[in-house]
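This report refers to the structure that appears directly beneath it.
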Amino acid sequence: MDYKASGVDIDKGNRFAQRIKEMVKILPQNGVISSIGGFGALVGLNDLGCDLVLSSSTDGVGTKLLVAQMAGKHDTVGIDLVAMNVNDIITTGTDPYFFLDYISYSDVEDCVLEDVVKGIVKGLELSECALVGGETAQMPGVYKKGEYDLAGFCVGIGKKNDILPKPLKEGMVLLGFASSGFHSNGYSLLRKVFFDINGYDLDRLFCGRPLGEVLLEPTRIYVKLFKKIKPFVNALVHITGGGFYDNIPRVLNGEFDAIVEKKMLPEMDIFRAFQELGNVDEKEMFRTFNMGVGMVAICDEKGKDNIRELAEDEGIKTYEMGYLKKGSGRVVIV
């Protein structure tokens, strides 16, 4: 069983991103710092006589929404929506500044929309970020009764000297920060294995907890941690869609390989239990899920102890999970 068999083709998405890069070459590039394909986009304001940089991201929650709709629980996906955006923003070295949401549906109860927004507000409170607007679109015929979709848009701000990634060196350390669970990725594969193949319902126990509770655990937000560790970090990686293999290379610039040591990763039983239940290849697991690590910092030896202490203050476990060596931008899991 793999992600493609559940209906999600990561390679197709990557090919489409490459085509977009070609198409946008005709557009104005004034102030544009980062190219399409990063975690967030960066635009400098030098033309306006300012040394500040704006970052931006947009993302949704994916098919985790279908689990929320099955469970009738809608507040946690609002937290997920914020998390998927602000966790991308901080990888650029900037702070989330303001957020907008887009909610589309055909026929849902008022309380459902209110619960979604309660979750968004909670996520933004955790992110120290403002909600400045959004859009609600009622679209009869597009969604079935009770269905809805979410998209989020976030803008961050920072100084040019703070932009990540900074220069990397061979021997730098990979520090992983614990995730809260599956976060908001791989849910098409999760739903296929749990519901379609094995006939689970949301009340069935999985690793000692009701499956619905496990699947709807909100994505961890790393913003407050980032603000503390920023002086010690050379690069930051959000382990989101594409897992280890597609996300870590985004900061390696084709110059280094990231060597990840499996024995140093956290033992989160939900990932191994799911792998066995779905007969999923290990490489597929590392390309689909965060495997217990939602964010990775790359730093030098001198900075790692400071980062560990600050993460501990935030109640987030840290794992020294690997290192950089000269290479071509690969992730090697050993």
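The values are calculated or read from the model by the stated rules, or taken from the named source; none is laboratory data. None of these values were measured; they are calculated from a predicted model. Cβ sites come from the backbone with ideal geometry, for glycine too, and all protein chains shown count toward neighbours.
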(request) Considering only residues that are surrounded by 15 or more Cβ atoms within 10 Å (Cβ to Cβ) and within 23 Å of TYR222 (Cα to Cα), look in the range 122-134 and name the one that is farthest from the chain's Cα centre (by Cα). (result) LEU131
(message) Given the options ILE79, ILE90, name the one that is at pLDDT 95 or above, farther than 21 Å from LEU190 by Cβ and assigned to a helix (DSSP H, G or I).
(response) ILE90
(message) Consider the range 296-328. How many of its residues are small (Gly, Ala, Ser), under 26 Å from ASN253 (Cα atoms) and free of Cβ contacts under 8 Å to residues at least 24 places away in the same chain?
(response) 0
(request) Name the one entry in VAL67, VAL43, VAL53 that is part of a helix (DSSP H, G or I), at negative phi and in the same structural domain as GLY119 (by TED's automatic domain parsing). (result) VAL67
(request) Could you grab me the full set of residues in the range 179-199 that are surrounded by fewer than 19 Cβ atoms within 10 Å (Cβ to Cβ), not in a helix (DSSP H, G or I) and not polar (S, T, N, Q)? (result) GLY199
(message) Would you confirm whether or not the range 257-278 contains a residue that is in a loop (DSSP other than H, G, I, E, B) and either without any contact (Cβ under 8 Å) to a residue 60 or more places away in the chain or closer than 14 Å to GLY186 by Cβ (or both)?
(response) yes
(request) Just name the residue that is farthest from the chain's Cα centre (by Cα) out of those in the range 135-165 that are surrounded by 14 or more Cβ atoms within 10 Å (Cβ to Cβ) and among the acidic types (Asp, Glu). (result) GLU147
(message) Pairs please, first residue from the range 122-134 and among the hydroxyl-bearing types (Ser, Thr, Tyr), second anywhere and not in a helix (DSSP H, G or I), Cβ atoms under 6 Å, 6+ apart in sequence or on different chains.
(response) SER127/PRO96; SER127/ILE221
(message) Return the residues of the range 93-128 that are under 17 Å from LYS64 (Cα atoms) and assigned to a helix (DSSP H, G or I); say none if nothing qualifies.
(response) VAL112, LEU113, ASP115, VAL116, VAL117, GLY119, ILE120, GLY123
(message) For the structure I just gave you, tell me whether VAL173 is in contact with a Cys (Cβ under 9 Å, 6 or more places away or on another chain) and at pLDDT 95 or above.
(response) yes
(request) May I ask you to verify whether ASN185 is in the same structural domain as ARG250 (by TED's automatic domain parsing), in contact (Cβ under 8 Å) with a residue 60 or more places away in the chain and over 24 Å from ILE239 (Cα atoms)? (result) no
(message) Checking ASP80 against (1) touching an Asp or Glu at 6+ places or on another chain (Cβ under 9 Å); (2) under 30 Å from VAL116 (Cα atoms), only one condition comes out false. Which one?
(response) (1)
